[in-house]
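All remarks here apply to the structure that follows.
The values are calculated or read from the model by the stated rules, or taken from the named source; none is laboratory data. The structure displayed is predicted, hence computed values, not measured ones. Here the Cβ positions follow ideal geometry from the backbone for every residue, glycine too, while neighbour counts run over all protein chains shown. Ligands, DNA and RNA are excluded from the accessible area calculation, which covers all protein heavy atoms including side chains. Shrake-Rupley method; radii C 1.70, N 1.55, O 1.52, S 1.80 Å.
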Amino acid sequence: MASAEQQIKQCNQDIEDNPDNAKAYLNRAICYMHLRNYEETLNDAMQTTKLNDASADAWYMLGQAHMGLGHYRAAISAFRRANQIDPANVHIRSAVLQAEQILEEVQQGKYAQATFSPGALNAGRNTA
């Protein structure tokens, strides 16, 4: 299996060849998430939603990026959009609930900044 860095290079080439390649942006976002580069994940997930607004995976990845950056309200919004697109997906529903719980705990002062593990939200997801 290629490393995340190698996969990013391939995605870069795919995007250069076709700047409207939503799948390449999503795949690159996934690679950046594995590297915990939430800013780049956010950028590519946003681009993916612009190119394919009906991609539950893109909205889910956008939510994960927001979670990694501590943008809990934005994460909840993205996860809810993913849930609208794919309401049967239990992983997306779980992500909505987890993000809502973290936001509530942060608001209650239980944590100055909640701990987030992208792997916890990505368990069982096939986003590629």
field: Å² per residue, accessible surface of the chain at 1.4 Å
entry: 54 Å²
message: To the nearest 20 Debye, how big is the dipole of the chain about its Cα centre, given +1 on the beta carbon of each Lys and Arg and -1 on that of each Asp and Glu?
response: 340 debye
task: Only loop residues by DSSP count here, and only those with at most 16 other Cβ atoms within 10 Å; note down the trypsin sites (Lys or Arg not before Pro) in the range 1-100 that meet that.
output: Arg36
- prompt: Ignoring any ligand, DNA or RNA, what whole percent of the accessible area of the chain comes from carbon and sulfur when the probe is 1.4 angstrom?
  reply: 46 percent
statement: Taking the dipole of the chain about the Cα centre (Lys, Arg +1; Asp, Glu -1; charges at Cβ), the one of Val90, Asn18, His34 that reaches farthest to the positive side is Val90
task: Only loop residues by DSSP count here, and only those with at most 15 other Cβ atoms within 10 Å; note down the GluC sites (Glu not before Pro) in the range 1-54 that meet that.
output: none
message: Within 10 Å, Cβ to Cβ, of Ala65, how many net charges do the neighbouring residues add up to if Lys/Arg are +1 and Asp/Glu are -1?
response: -3
query: Can you list, bin by bin at 5 Å, the percent of alpha carbon pairs in the range 27-95, starting at 0?
result: 4, 23, 30, 26, 15, 2
query: Using r as the Cβ-Cβ distance of Gln108 and Ala88, and R0 as 30 Å, what FRET efficiency do you calculate, to the nearest 0.05?
result: 0.40
Column: log10 I(q)/I(0), Debye, Cα scatterers of the chain, q = 0.10, 0.18, 0.20 Å⁻¹: -0.29, -0.89, -1.07
message: I'd like the projected area of the range 1-55, averaged over all directions, using the convex hull of its alpha carbons. Report it in nm² with one decimal.
response: 3.5 nm²
- prompt: Taking K and R as +1 and D and E as -1, what net charge do the other residues with C-beta under 14 Å from the C-beta of Val106 add up to?
  reply: -1
query: Using a Gaussian network for the chain with springs between C-alpha atoms less than 10 Å apart, which of these wobbles most: Asn83, Asn37, Asn27?
result: Asn37
query: To the nearest 500 deg cm²/dmol, what mean residue ellipticity at 222 nm is calculated for the chain from DSSP H runs of n ≥ 4 alone, each contributing -39,500 (n - 2.57), summed and divided by the residues?
result: -23000 deg cm²/dmol
